[in-house]
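The values are calculated or read from the model by the stated rules, or taken from the named source; none is laboratory data. Just so you know, these numbers come straight off a predicted model, no measurement behind them. Here the Cβ positions follow ideal geometry from the backbone for every residue, glycine too, while neighbour counts run over all protein chains shown. Just the protein is used for accessible areas: all its heavy atoms, side chains included, with ligands, DNA and RNA removed. Shrake-Rupley method; radii C 1.70, N 1.55, O 1.52, S 1.80 Å.
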There are 2 protein chains.
Amino acid sequence: MASGVFDLLHLGHVRFLEEAKRAGGENAKLIVIIARDSTVEKTKGRKPVMPENQRRKLVESLKLVDEAVLGVETFDVGEVIRTVKPDVLVLGYDQTGMERRVRTFVEKNGLAVEVVRVGKFEADELDSSSKIRQRIVEKYA
Amino acid sequence: MASGVFDLLHLGHVRFLEEAKRAGGENAKLIVIIARDSTVEKTKGRKPVMPENQRRKLVESLKLVDEAVLGVETFDVGEVIRTVKPDVLVLGYDQTGMERRVRTFVEKNGLAVEVVRVGKFEADELDSSSKIRQRIVEKYA
């Protein structure tokens, strides 16, 4: 299982999902939790550019992804873990707050969930949604 | 075969590729030609936001797509058709200039290439790269 906003889909997302699939081992099924618009608005101060249903469908269109599901409205790591029951839960390089919450929940509840953190990729590409937005604002505003 | 710029990948692209795959019939192999940065700059006056290699890799990451290849630098419909040898060539709703050139080339050379034009999808979503750019400029500039 991996999770994220996946606003303005880019290669950084694809690489993250590649790592996530790999972390699951052979024949792993990759389930991706897509952050709700409301959750993103609460944590980042504004909604994503692409609405949640489109972000979900686009992620599910990727070869790597077996299933993409929308997160819960009142975001709760524990509820997601209890529902999806992942064997391996993969976190991106920038999901530090999430890692803390996940590890706490898994330990407290004595769950057999392997928590894996993947690294950052080369920074020379447009590998983040905020860099893409910035480039667009520079070119088109 | 389908072609396009595929800058800022969105659901409109995915639906277009779905239609393209469907137009090819059962077990069709979908080859997507990705417009070069230089071609886009020449025809639209500026380069895409995402560089060609990233646009290519991202399109090839889609379940629907068997192969995504970069177009030729000095854009020539005929050269692409001769190289890919498609059974069915699918054009999007906004590729009218291209359709004319393709039909002329296919007729002149007596080729057995079926040319299919697909329609536009509902307009209530962020289904075009320019709408996405506009939304970003409005929100972030």
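Using a label point 7 angstrom from Cα along Cα-to-C-beta, what distances in nm, from shortest up, separate B:E107 from the other copies?
When each copy's label point is compared with this one, the spacings are 7.4 nm.
Where along chain B is the Cβ that lies nearest the axis linking it to chain A, and how many Å separate them?
So the closest residue, with its distance, comes out as B:A141, 2.
Please compute the Kirkwood hydrodynamic radius of segment A:37-141 from all pairs of different C-alpha atoms, in Å with one decimal.
Taking every pair of different Cα atoms in segment A:37-141, averaging 1/r and inverting gives 16.0 Å.
Using only the Cα atoms, what convex hull volume per residue in Å³ does the protein assembly as shown have?
Enclosed volume per residue, from the Cα hull, is 137 Å³.
Placing the label point 7 Å from Cα along the Cα-to-Cβ direction, what are the distances from A:N53 to the equivalent spots in the other copies, shortest first, in nm to one decimal?
Listed shortest first, these distances are 3.8 nm.
Place the label 7 angstrom along Cα→C-beta at A:K120 and in each other copy, then list the distances from the first to the rest in nm, shortest first.
4.2
For chain A, what does -39500 (n - 2.57) per DSSP helix run (n ≥ 4), summed and divided by total residues, give at 222 nm, in deg cm²/dmol to the nearest 500? Intermediate values should be presented prior to the final figure.
Working: 6 runs with 63 residues, N = 141.
Result for chain A, helices only: -13500 deg cm²/dmol.
Quick one: which of A:K42/A:K131; A:K29/A:K108; A:K85/B:K21; A:K85/B:K120 span more than 31 angstrom between C-alpha atoms?
Check vs 31 Å cut-off fails for A:K85/B:K21; A:K85/B:K120.
Taking a probe of 1.4 Å, how large is the accessible area per residue of segment A:1-44, in Å²?
Values: 1860 Å² over 44 residues.
With the other protein chains kept in place, segment A:1-44 gives 42 Å² per residue.
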